[in-house]
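Every number in this text was worked out from the coordinates using simple rules, so none of it is lab data. Computed from a prediction, not measured in an experiment: that's the story for all the values here. Cβ: placed from backbone, ideal geometry, glycine included. Neighbour counts: every protein chain shown.
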Ligand SMILES: [Zn+2]
Ligand SMILES: [Zn+2]
């Protein structure tokens with residue numbers, strides 16, 4: 001029973017109390033609650049406009065983009081860049097909602113890309129869709145970083161040398177890796193001019209040429225943190241540019257003579273270097289399994305490093321002796337047992353060879 005319903009349920013039945021002139025669209029005559037109907041409003045609105053042509057300045061070497069005076073690294077691939085540029089040329093009426101876009105493009109010449117942008121949306125309650133065309137004009141220009149690199153520009157050199165020895169291959173590899181990581185991290189944080197412009201292998205060390213002083217500082221600290229040693233800074237005035245004094249800075253990193261993992265001999269006992277402190281070495285006694293501090297002048301000889309360890313097969317264990325096969329000759333040898341290590345018969349144990357005393361030292 002609907003006897004209590006007094007108003008029409010459907011909104012499109014004209015309300016007879018309204019002025020008759022306002023219920024029809026003055027342009028097309030279709031029923032309209034007031035003024036122009038939505039279709040006629042859409043028809044007279046320029047809801048989609050595009051700039052017909054936009055320019056993009058790009059570095060041909062590293063694909064960085066220049067906007068105004070500012071260069072920045074490209075965060076996307078070429079297709080993504082074309083999409084972003086084409087969309088940046090599109091202007092939509094503010095009342096368009098539910099916008100979806102599709103973009104097609106064609107490379108018409110090395111310097112021109114023709115884009116078609118299709119836009120779907122909703123305006124005044126109606127679904128709308130239209131196309132517009134944008135031409136991207138590519139301009140090639142060497143960016144600030146590439147022109148500095150190709151011009152040999154640099155602000156500093158990180159100089160790595162080791163005290164009383166050459167750098168080891170492991171240290172060289174680590175230094176090159178750390179330089180690449182530092183460059184990547186600084187550039188990712190937006191420091192475009194923090195680049196490594198060259199790495200020179202010097203017979204006793206490594207020179208890393210850097211594009212910015214900040215890069216030099218960060219890199220030297222990172223190297224010292226991983227390889228040990230201390231950084232010192234030595235500025236040198238090299239001239240004047242635009243009324244400002246120009247310095248080049250040498251960041252000198254002196255690696256300590258001893259390295260972590262070195263096996264050293266002191267008063268007949270072998271130690272493994274665990275840490276290099278400013279005044280002493282923190283060492284582990286490979287005979288007793290205890291730690292202590294050792295001053296460098298107490299070291300008689302450096303035997304090697306744990307990275308040079310060999311693997312020897314344990315043939316038997318009995319009380320204070322461990323029998324192994326010498327990994328070089330496969331001859332059986334006896335080594336004194338140590339209280340901190342429990343070798344297992346038939347399993348390997350890591351040993352370091354002291355050629356001077358013809359001994360094998362178990363290191364774990
Ligand atoms: Zn109308
Ligand atoms: Zn570039």
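Note on the chain: with a GNM built from Cα contacts shorter than 10 Å, the maximum mean-square fluctuation among 315, 45, 250 falls on 45. Projection of the Cα convex hull of the stretch 254-293, averaged over all directions and equal to a quarter of that hull's surface, yields 2.8 nm².
Going by neighbour counts of Cβ atoms within 10 Å, the residues 47, 104 line up, fewest first, as 104, 47. Over all directions, the average projected area of the alpha-carbon convex hull for the stretch 271-361 comes to how many nm²? Hull-based average projected area comes out at 6.1 nm². How far, in degrees from 0 to 90, does helix 78-88 lean away from the longest principal axis of the Cα atoms of the chain, to the nearest 10? Helix 78-88 sits at roughly 40 degrees to that axis. Shown here: the stretch 48-140, whose C-alpha atoms stretch 48, 26, 19 Å along the first, second and third principal axes, sorted largest to smallest. Once the Cα atoms are used to define both axes, helix 169-188 deviates from the longest principal axis of the chain by about 20 degrees. Helix 213-227 and the longest principal axis of the Cα set of the chain meet at an angle near 50°.
Do me a favour and compute the ellipsoid semi-axes for the stretch 152-255 from its Cα gyration tensor, root of five times each eigenvalue, largest one first, whole Å. Mind dumping the intermediate values first?
Numbers: eigenvalues 106, 53, 25 Å².
Sorted largest first and rounded, they come to 23, 16, 11 Å.
Per residue, the convex hull spanned by the Cα atoms of the chain amounts to 367 cubic angstrom.
Summary of the geometry: the stretch 173-189 and the stretch 107-134, compared by the centres of their Cα atoms, lie 42 Å apart. Its DSSP H runs of at least 4 residues, each contributing -39,500 (n - 2.57), put the calculated 222 nm mean residue ellipticity of the chain at -5000 deg cm²/dmol, to the nearest 500.
Ranked for footprinting exposure by Cβ neighbours inside 10 Å, fewest first, 344, 246, 57 give 344, 246, 57. Each of 112, 66 was scored by other Cβ atoms within 10 Å of its Cβ. Listed from fewest to most, they are 112, 66.
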